[in-house]
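We did not get these values from a lab; they are worked out from the coordinates using the rules stated. This structure is a prediction, so every number in the text was calculated from the model and none was measured. Cβ: placed from backbone, ideal geometry, glycine included. Neighbour counts: every protein chain shown.
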Amino acid sequence: INHSPLLISASQDGTVKVFDLRTNSSSSAITTKMALPNEQALCVSLGYGGTLAAVGTSKARVSFLDLRYSSGTNPTGSLMGSYVDAHTEEVTQVRFQSVSNASGQTKTVLATASEDGLLSVYDPSQPSEDAALLSTLNIGAPLRHIGFFGPNNEGICALTGNETMSVWHWDSAQKVSDVGGMGLRALLSDAVGKSGFGVEGSSVEYLVGCTWANANCDQDAQQSPSDSKALHLLAGNSEGDGYLFRMDADQITPLRHLKGGHRGCIRDFCWVDIGIGGQRLVTGGEDARLCEWDLSGTSSAPSLSSSHKMGSGKVKQVKRDDASKKKGKKKKFGSPY
């Protein structure tokens, strides 16, 4: 939860838990069990200032949890209801987003994505699922990642298990571009090869996620962060390399080569504000590592600020030269899915 001491998690055991990081206890402050037998909680997103949680489940449902504080008491996390008609298979992504129209009016919408290849956008302030549905996009393949983009968050990008990417205008349900179709990875690999910062034979094997951000993160830049925001795509390969691309309407531009941090597939990422308009990129991978990347300046090879390996309840510093001290056959990692 942004700017909050609370951490929320969803699990395949069917529970959603909220932890208060201000306490020394490892037990959760709130634990909510999904309503149906053997129903797994696959993803979670928070909206309305952290007072409402949407949970995508293995039973093709989107359930809502009440996290409001009232009369000085802690929230109960009780189930408020579910959307049950939008999807027919597992809901793999849910995302709340504040959007605005041309007149500057803002509202919160909820996007849901599923293994059934459908992406739906709702207005959760409406009293029923039918009234809340704003649009449904047929992506045509199981969905792995979704992200809003644009000055008013009028666009949405969708990444699939087939390693394809498409961009849409969600309100009109109109597709803007297939972004290379099934040949996207080849286009990205070719762009890396021509950029000069990939080693010979560098290839992009999978897509991680897309984001609307200022990826230059140059603290000395004179323009405001909002002026330089663009749609970016993070991709990678099984050797642990990550590649950050700027995705314009008529051009794909490699911006950063994330090398030396991971030893397996990168699974997820997020941007972290560090003050004075700066940002760091944090990535997590199948190698159980969290890596923080300093993207400031113009270098195509950003520095690895820190790398932590997650163990049995411990977080320890992993030095960058550890790999050179290890002997034996290198472990191979497959597709992140």
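Tabulated data
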| read-out | value |
| --- | --- |
| Theoretical gain in end-to-end length, Thr51 to Ile274 [0.36 nm per residue, Cα-Cα removed] | 77.7 nm |
| Share of pairwise Cα separations in the stretch 1-124, more than 25 Å, in percent | 25 percent |
| Three-way shape label, the stretch 68-195, alpha-carbon gyration tensor, a/c 1.5 | prolate |
| Environment charge at Met80 (Cβ cut-off 12 Å; Lys +1, Arg +1, Asp -1, Glu -1) | 0 |
| Per-selection Rg to Rh, the stretch 132-209 - Cα, Kirkwood hydrodynamic radius | 1.05 |
| Where labels lie 7 Å past Cα in the beta-carbon direction, separation of Arg22 and Ser103 in nm | 4.0 nm |
| Spherically averaged projected area of the stretch 53-113 from its Cα convex hull (nm²) | 5.7 nm² |
